[in-house]
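One structure is given here, and the rest of the page talks about it.
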Amino acid sequence: MKESSKQSAWERVRHAVSEAVFPSNIYCICCGSLIDGTRNYSLCDECMSRLHWINGRTCEKCGKALPDTYRGERCYDCMLYDHVFSRGYSCMTYGLHERGMILDFKYNGRSYLADKFADILHDRISCEDVKPDVIIAVPVSRRRLRERGYDQSELMAERLAERMGVPIRKGLLVRAVDTPLLRSHTPAERESILRGAFRVSDKGSAVLRGKHVLLIDDIFTTGATADACSRVLLDAGAAEVTLLTLASGGNRKPESERI
């Protein structure tokens, strides 16, 4: 059995045990307060109202939220950088409460949140006219996979694929280089660091040729990771790459334009 298949089987067992001991639908996944099983995404009313849902104006390219007073159709980043993916969509703006949930998901063993987040992703993409042929997740490195015990984006993508009825291709997009964390680097530095960081497996071209790929990741900031992945997918024969992320950064002016 391949490593990814073993990991998936183990994750299903761990999820079943976790649900039996600590049912995930009786506590709010954001604040931990007691809720009943009818709450959407297992979020209490207060957390549902304070999360920054993206349901208004968005950047026509990357999908970041735009304020109603913003004049342009693209965010500041997308006016400066021409992204490789064709279109991006996101569910929430990455704020304090969103950050807490996602960090718990990535680093604190709360893998069961993949089901809740997949529901959020599904509801978001269902509002758009997007008909992908295949779903692919942005992969983590082997080191981080060993440390965390699971690939958070792949878990979300797997659950989303079940809801959409679209096949997921695991192991097709590979992280070839274990890159450092990017949060302290400029967009140009991120692009340089990620150059050559991803590749498509040997069988990828046959699978991808002419296909519309829905690429899944947890957070979108500058888009450097999404572009690096999209570039190798397109080079391998994909016809189009659409990006879907759980959260995205805000529409911030470049430093040179701030007053």
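Some values worked out for this structure:
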| read-out | value |
| --- | --- |
| Contour excess over end-to-end distance, with Cα ends at R99 and Y27 and 0.36 nm allotted per residue | 24.1 nm |
| Percent RCO, i.e. relative contact order, over segment 72-166, from Cα pairs under 8 Å lying at least 6 residues apart | 31 |
| Cβ charges +1 (Lys, Arg) and -1 (Asp, Glu), total dipole of segment 132-176, debye | 280 |
| Probe 1.4 Å, all protein chains present, accessible-area order of D202, D104, largest first | D202, D104 |
| Projected-area average for segment 210-256 over all orientations - Cα convex hull basis, square nanometres | 3.8 |
| Amide proton proximity set for M92, modelled H, under 5 Å, gap of 5+ | I54, A247, S248 |
| Karplus-derived 3J(HN,Hα), 6.51/-1.76/1.60, for each residue of segment 124-132, Hz, glycine and proline x | 5, 6, 5, 7, 10, 8, 10, 10, x |
| Estimated dipole of segment 98-146 in Debye, rounded to 20 [Cβ of Lys and Arg +1, of Asp and Glu -1, Cα centre] | 580 |
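The values are calculated or read from the model by the stated rules, or taken from the named source; none is laboratory data. Predicted, not measured: the structure shown is a model, and the values here were computed from it. We place every Cβ from the backbone using ideal geometry, glycine too, and count neighbours over all the protein chains shown. Each accessible area value is taken on the protein alone, full model and side chains, heavy atoms only, with ligands, DNA and RNA left out. Shrake-Rupley method; radii C 1.70, N 1.55, O 1.52, S 1.80 Å.
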